[in-house]
1. Restricting to Cα pairs below 8 Å that are 6+ residues apart, what does the relative contact order work out to for the chain? Please round to a whole percent.
2. From the Cα gyration tensor of the chain, with a ≥ b ≥ c the square roots of its eigenvalues, which class applies: rounded if a/c is under 1.5, or else prolate if a/b is larger than b/c, or else oblate?
3. When the chain is modelled as a GNM with alpha-carbon springs shorter than 10 Å, which of P12, P95, P245 fluctuates the most?
4. Mind checking segment 173-233 for trypsin sites (Lys or Arg not before Pro) that DSSP puts in a loop (not H, G, I, E or B) and that have at most 10 other Cβ atoms within 10 Å?
5. Loop-only check: which trypsin sites (Lys or Arg not before Pro) in segment 86-135 are DSSP coil with at most 13 other Cβ within 10 angstrom?
6. Express the accessible area of segment 164-206 per residue in Å², computed with a 1.4 Å probe while the remaining protein chains stay in the model.
7. Computing the accessible area with a 1.4 Å probe over protein heavy atoms, can you report the carbon and sulfur percentage for segment 188-228?
8. Tally Lys/Arg at +1 and Asp/Glu at -1 over every other residue whose Cβ is under 13 Å from the Cβ of G88; what's the total?
Amino acid sequence: MAPRRIIIDTDPGQDDAVAILLALASPEEIEVLGITAVAGNVPLPLTARNARIVCELAGRPDIRVFAGCDRPLVRPLVTAEHVHGRTGLDGPDLPEPCMALEEAHGVDFIVETLRREPPGTVTLCPLGPLTNIATAIRRAPEIADRVQEIVLMGGAYFEVGNITPTAEFNIYVDPEAADIVFRSGAPLAVVPLDVTHRALVTPTRNAAFRALGTPVGLAVAQMTDFFERFDKEKYGAEGAPLHDPCVIARLIRPALFSGRHVNVEIETGSALTLGMTVADWWGVTDRAPNATFLGDVDAEGVFALLTERLARL
Ligand SMILES: [Ca+2]
């Protein structure tokens with residue numbers, strides 16, 4: 001099979017960084033056409049910087065990195081330095097990037113790529129708030145029919161929320177953008193907290209990254225160490241969830257994941273439940289299914305894949 005051609009839309013973020021590394025380490029299955037940065041975990045200048053730092057860490061300064069939207073569609077930006085640190089990539093000591101940011105806007109790159117390539121051959125992988133993707137769909141609604149699939153990290157069902165009691169961070173930051181994406185008609189696969197809260201970086205898994213003995217292995221161990229401080233305090237779990245790499249893992253090994261094709265709508269009106277992903281898991285409405293909402297993961301399989309692939313970089 002030819003590799004899946006993807007655009008990674010991202011707000012790095014340590015877990016975004018690991019997702020990018022996994023994609024770049026998997027050329028048999030994945031061809032990265034470009035990376036578009038969006039404001040989210042930290043402001044846009046930092047996410048655009050961090051994406052390039054990660055490409056250089058992977059030895060891939062040839063990857064094209066674009067800056068996209070610097071704020072949500074209608075709301076002020078909410079960031080997550082309390083999780084990711086001031087830079088978004090706190091933990092390892094990595095050099096400032098040498099590679100240049102592309103001059104074009106990230107949204108233009110998404111639109112032009114989907115218009116140029118044959119229908120059904122490009123997959124979008126949003127790992128942050130959906131501002132860039134929604135802006136692209138608003139500007140060129142036909143891209144919803146041309147995209148092969150949008151595989152995104154966001155939302156929750158049984159796990160409900162992490163930034164508010166009822167909302168996951170990526171959806172909460174730009175719920176209007178999420179609403180546009182979920183109504184777009186594009187084929188959607190959603191990797192929610194229900195999956196990522198089972199993909200925990202345990203001490204054993206962290207040690208396996210470190211034991212690779214490479215700059216990439218050490219950096220990933222230090223990145224996951226960093227955000228674990230926060231998540232352990234918060235969840236009291238045996239390790240922090242590694243959210244975004246699950247999106248790339250699903251492209252490489254779909255059998256590691258299971259879920260249901262259901263209706264998912266986004267709450268944009270209520271102050272109490274803003275950004276909630278209302279997933280009709282039990283099929284109690286007649287609303288049409290619009291997304292494959294994943295519910296379970298073989299976490300051992302994901303971490304085995306991740307460690308094996310990171311060893312190649
Ligand atoms: Ca992210």
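The values are calculated or read from the model by the stated rules, or taken from the named source; none is laboratory data. These figures come from a predicted structure and were not determined experimentally. Positions of Cβ are backbone-derived with ideal geometry, glycine not excepted, and every protein chain shown enters the neighbour counts. Note: areas computed on protein heavy atoms with side chains; ligands, DNA, RNA excluded. Shrake-Rupley method; radii C 1.70, N 1.55, O 1.52, S 1.80 Å.
1. 20
2. Rounded is the answer for the chain, as its axis ratio a/c remains below 1.5.
3. Fluctuation is largest for P95.
4. Those that pass, being in a loop and sparsely packed, number zero.
5. In loop regions of segment 86-135 (DSSP not H, G, I, E or B), the sparsely surrounded trypsin sites (Lys or Arg not before Pro) are R86.
6. 27
7. Carbon and sulfur atoms account for 63 percent of the accessible area of segment 188-228.
8. Net of charged neighbours comes to -3.
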